[in-house]
Amino acid sequence: MADRSSAVARGIIDRARAMSLTVAAAESLTGGLVAAALVAVPGASHVFRGGVVAYATDLKHSVLGVDAELLANRGPVDAEVARQMAVGVAKLMGADIGISTTGAAGPEPQDGHAPGEVYIAVAAFSRGVGVVDVTRRLRLSGTRDEVRSATVASLLSEVLATLETASPPGPE
C-alpha cells in the first residue's frame, strides 16, 4: 500500500506542477498522513501549500469554517463536514484544490459511527480544473492504522483522478 500511495502522491505532484495548481489538506482521522505523503515527493514545495490537522471538532469550525450548526447536529463524521473542510482549507491556504479526511478510525465507535466509516473530499476552484466537488463515503475495515492508511490511499487516488480529468490551464 505504501508503494502505491507513494506513486500516486508523485503523480499528484507532477500533474499539479505541470498545470501550475496548488493543493492544501485538511485532516482529521489521518492526523497529517496525507500531508506527509505529499511532502515526501521531491518537488512538493511547488504544489503543496500546507495543511491543517483539525482533530478536535471545534477546530473544524474555528479554523476551517465548517458550519457550527452542522457540526452540532451531525458531528464531525459526515460528508458535508468533509466537503466544507476541503473548501475551508483551500480558502485558508490560498490553494486551487482543497482535500480533506474525516471519520472514525477506531478501535471504538465515534459518536455512533462505526470504525472505518470515513469521508474524503476534493474541492477545486481553478481555471485548469473547473469547479470540482467530490465527496466519498468509505467503509473500511482493519486496524486503526489500516483504516488511516487506506483513507490516505483513497484520497490520494481521488485527487489524482481529478487532476487527470482536468484540462491544462489556458491563457489567463
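The values are calculated or read from the model by the stated rules, or taken from the named source; none is laboratory data. Owing to the predicted nature of the structure, the values given are computational and were not obtained by experimental measurement. We place every Cβ from the backbone using ideal geometry, glycine too, and count neighbours over all the protein chains shown. With ligands, DNA and RNA removed, areas are computed over all heavy atoms of the protein, side chains included. Shrake-Rupley method; radii C 1.70, N 1.55, O 1.52, S 1.80 Å.
In table form, for the structure just shown:
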{"item": "Within segment 145-172, considering residues that are open to solvent by less than 30 Å² (accessible area, probe 1.4 Å) and among the polar types (S, T, N, Q), the one modelled with the lowest pLDDT", "result": "162"}
{"item": "Qualifying residues in segment 1-27 (those that are touching a Ser or Thr at 6+ places or on another chain (Cβ under 7 Å) and over 16 Å from residue 90 (Cβ atoms)) - the one modelled with the highest pLDDT", "result": "8"}
{"item": "Helices (runs of 4 or more DSSP H) contained entirely in segment 24-109, each with at least 2 residues that are under 21 Å from residue 142 (Cβ atoms)", "result": "33-39"}
{"item": "Which listed residue, of 147, 152, 77, 118, is among the β-branched types (Val, Ile, Thr), under 16 Å from the mean Cα position of the chain (by Cα) and within 17 Å of residue 24 (Cβ to Cβ)", "result": "152"}
{"item": "Top-ranked residue of segment 53-69 - restricted to ones that are open to solvent by less than 50 Å² (accessible area, probe 1.4 Å) and touching a Lys or Arg at 6+ places or on another chain (Cβ under 8 Å), ranked as nearest to residue 81 (Cα to Cα)", "result": "66"}
{"item": "Test: residue in segment 125-144 that is buried (at least 21 other Cβ atoms within 10 Å of the Cβ), at pLDDT 95 or above and polar (S, T, N, Q)", "result": "no"}
{"item": "Hits in segment 17-52 - residues which are open to solvent by 60 Å² or more (accessible area, probe 1.4 Å) and on the phi < 0 side of the Ramachandran plot", "result": "17, 18, 33, 39, 40, 42, 45, 46, 49"}
